[in-house]
Structure formats: structure tokens, C-alpha cells
Amino acid sequence: AGTVKALVSMKLITLGGVFSVVGESLPKDENGFTNILLLGRGDKGHDGVDLTDSMMIVSLDPKTRSAVMISMPRDLYLLNPEIMSRGRINSLYRDYKGYMQQEEGLTADEASKKALAALMEELGIQFGLTIHHTMMVNFSAFTELVDAMGGLDIVVPKDIVDTEYPNENENGYETFSIAAGPQIIDGKTALKYVRSRHSTSDFDRSARQQLVLHALKEKARTAGWLTNPSKLLELWRIISSNTETTMRFGEMASLAELGQRIERENILTIQLSDRSGYSGLPSSPGGLLYTPPRDDFGGASVLLPVSIPSSPSTYKQIQVLTHLLLTYRKEMLQRPSLVIWNAGAKPGTAGALAWELGRFNLPVDEAINAPDGEDRETSVIIARSAGEEDMANFFGE
């Protein structure tokens, strides 16, 4: 590291050249995407140690220099897991790690590696994609990183007043508040901002987590963190001491190089939720979950995917959403819009379809009766331009 710093300062080598030497090829799926599971958990001494209350799948495409971020609520429940036990996804890592320690006699570090790999594979199965790596970051890494960068500039969408934010005292609480509008936040405030949940929903919290990750990426890029050897060393120090990952160093170097080339406008974000919209209004993107009766789960509050009666997989709709966002990201980044004409179907069909498509992040401009009373025996999908043909074919499936 010292040699690299000296060579770069003497302009004998560029940092891009260093990346090309130490970087390893990132694993890719059949579409050329690299998919990573990001996890956030508390440090020792915090409530819920080993619960992964922040969970996100990030899919990177070097070809289009784009990323897709899918946030999962911690209460999402696995009914039919293939590798791990049934339960809420935020407890799967903790439970599997404990099982490997007790039943297999593994050390905490060995069990953690096994649990991360198992969680990565399990969620890949449920979401219908290959997840290549996972990275779990604790609170200390998050706060240190934000402070090292000199704080973050964010725009808070709405006021937050959380009177039950957990403090460092056992079973203790404090009030966390932040006003809507532009804010410059330090590491401690950023952590509270992404953790607070008693005045807003878990889905709002997922959106805030994505917002802060955007801000971190922009600060790292604009402040030259990924092009300055000294700052890179500081970044590595923070990450290496507070992070567990299945990635090798060379892969992380390649990931950093790719990350700095992705512009914010090329990032798709969505939060899985049970928000299904209201009559007359668009449905919420990602609203593919529902809350079953608590009595069915021992009094616990859980979220389940809305299932398709003809499908053996309760995650079928989520898999369709994942496929749409990842495979058709180029088209989705162009913010496609749809027009639905009711050409002979029963009244209300166009509106119902528009509501359903909204849950898959597909905005509908109009849902009306076909012009001139046109009546068709079968449904048709028409691409309005050559650039929309792939999307039209997707709907045709």
C-alpha cells in the first residue's frame, strides 16, 4: 500500500493501473450482472445482536454502468426455505450461525462465514437470481465512514420525531428528530436516520437507507475517495475491521472501480412492501406483500408475498419483479409508460390492470376505453417504438 501511494504521488503509475493489476474479474450471471447481498447489523452491546435488520440486493451491470437496488423488509417471512429454517429473514443469519456453532462445533467466525453463504444462496433461490457475494457491515463501519468523509449532504423528505429510539443504555430510549429539507449529517445522525422506525414504517426506513447509500456513493466519487491512495487506505481500514464478506480483496478492488463509473441516474431503487395503493390512486411500486393474521405466527408480525394460486412458489410475483428490474433495466431506466385500452373486456378491467402494473414499478399514463368503441376478441400488446419491442415481448410472455 505504501509503495502504491508513493508511485502514484510520483506519477509513475495511475490508480486505474493499480486496479487493473490487483483487481480480479467479478463473477457474473448469464446476463453479465454481478449480484451482491448487503446486510447491516448492530455491534456487540446493541439490541438484537446478529439480527440483520437492513437487507438489500444490489445488481451491477458493467455494460450499461447501472445498478438495481431491492430493499427487503426485516419482517419478510420464508414459509418454504430450501436451505435454512422457516422464519423472518432478519433472523435467518443469526439462527443458522447459532446452529452451526452448536451442532457442528464451529467457531463464531467459521459459523458466520457458513451463515452468510447460506443466506446468500437461500435468498437467491427465493428471488430467482444468482447472488454471487454478500457483505455485512456493522454500525461502527457506517458511522466511521460517514465521519471520515466529512458528513453527508442529504435531503430529508419529511420530518421525523422518534421518541423511542434505542440508546446505549439497556432498555433505554431517547428522542431522535430531524427536520425535512437539506441537511448535513454526521455519522451518528446518519445511523439514527437509517435505523429510526417508530415514527415511520419499515418501508420508509428502507427508502432512507437507499437514500443514504446514494449520498455515500456520491460523496466518495465527488471527493475523490476512489482515486486517492491515502483516502482508499482509510476506506480499507474502516471496512476491513468492521465488515464480513465473501469477497476477496481483488474482487473488492474491481467493485470499487465499477462503482465509481455508475452515475446516480443509472440506479433503479425499489422497496418491497405491503403498500397496495388506494382506490383511484396508483399502487405502490413493490407492493407485493401482505400482513397475515398474527395468530397464525405465534403473535409475531410478519409479511408474506402475495401468492399466485397457479404457482407452487409463494415468491413468484417477486421473482417476476426481480427479473423485470434486472433484465430490462435499460428499458426501465428510460422510465417507460403504458397506455391501457379496454377493448371489450368487462368494465373496470383496464383500471385493475393499471393498478397491478404499478406494483411492478410500471407507470400507466392512461387506463380508458378503446377509441371509437373498438372491440377485440383477444388482448394485444403494441410497442409504440422499436426501442420498446423487448419490453413488449416481456409482457407477451
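The values are calculated or read from the model by the stated rules, or taken from the named source; none is laboratory data. Every value quoted in this text rests on a predicted model; they were computed, and no experiment measured them. Ligands, DNA and RNA are excluded from the accessible area calculation, which covers all protein heavy atoms including side chains. Shrake-Rupley method; radii C 1.70, N 1.55, O 1.52, S 1.80 Å.
Does the range 239-388 classify as rounded, prolate or oblate by the C-alpha gyration tensor (a ≥ b ≥ c root eigenvalues; a/c under 1.5 gives rounded; else a/b over b/c gives prolate, otherwise oblate)? In terms of gyration-tensor shape, oblate. Can you tell me the relative contact order of the range 237-395? Whole percent, Cα pairs under 8 Å, sequence separation 6 or more. Computed over the range 237-395, the figure is 17 percent.
Calculated translational diffusion coefficient of the chain (4 °C, 1.567 mPa s; Stokes-Einstein with Kirkwood radius over alpha-carbon pairs) equals 56 µm²/s.
For the chain, the relative contact order comes to 16 percent (Cα pairs under 8 Å, sequence separation of at least 6). Computed with every protein chain present, the accessible area of Phe249 is close to 110 Å² [probe 1.4 Å]. Taking all protein chains together and rolling a 1.4 Å probe, Thr269 ends up with roughly 60 Å² accessible.
For the range 26-164, the relative contact order works out to 24 percent when only alpha carbon pairs closer than 8 Å and six or more residues apart are counted. State which entries of Lys28/Lys158; Lys114/Lys330; Lys217/Lys330; Lys188/Lys219 exceed 28 angstrom in Cα-Cα distance in the structure shown. Beyond 28 Å between Cα atoms: Lys28/Lys158; Lys114/Lys330. Amide H contacts of Ile267 (H built 1.01 Å from N, in plane; Pro and chain starts excluded): Ala67 sit under 5 Å, all sequence-distant by 5 or more or on other chains. The radius of gyration of the Cα set in the range 326-377, together with its Dmax, comes out at 12.7, 38 angstrom. Principal axis analysis of the Cα atoms in the range 42-156 yields extents of 46, 37, 24 Å, listed in decreasing size. Solvent exposure of the range 343-397 amounts to 70 Å² per residue of accessible area, where only protein heavy atoms count and the probe is 1.4 Å. Helix 108-127 versus the longest principal axis of the chain: what is the Cα-based angle in degrees, 0 to 90, to the nearest 10? That works out to roughly 20 degrees.
Taking Lys192, Lys63, Lys28 in turn, the Gaussian network model of the chain (Cα-Cα springs below 10 Å) assigns the largest fluctuation to Lys63.
Per the 1.4 Å probe, what fraction of the accessible area of the chain, in percent, lies on carbon and sulfur atoms? Here it works out to 51 percent. Going by accessible surface with a 1.4 Å probe and the largest first, Asp365, Asp186, Asp43 read Asp365, Asp186, Asp43.
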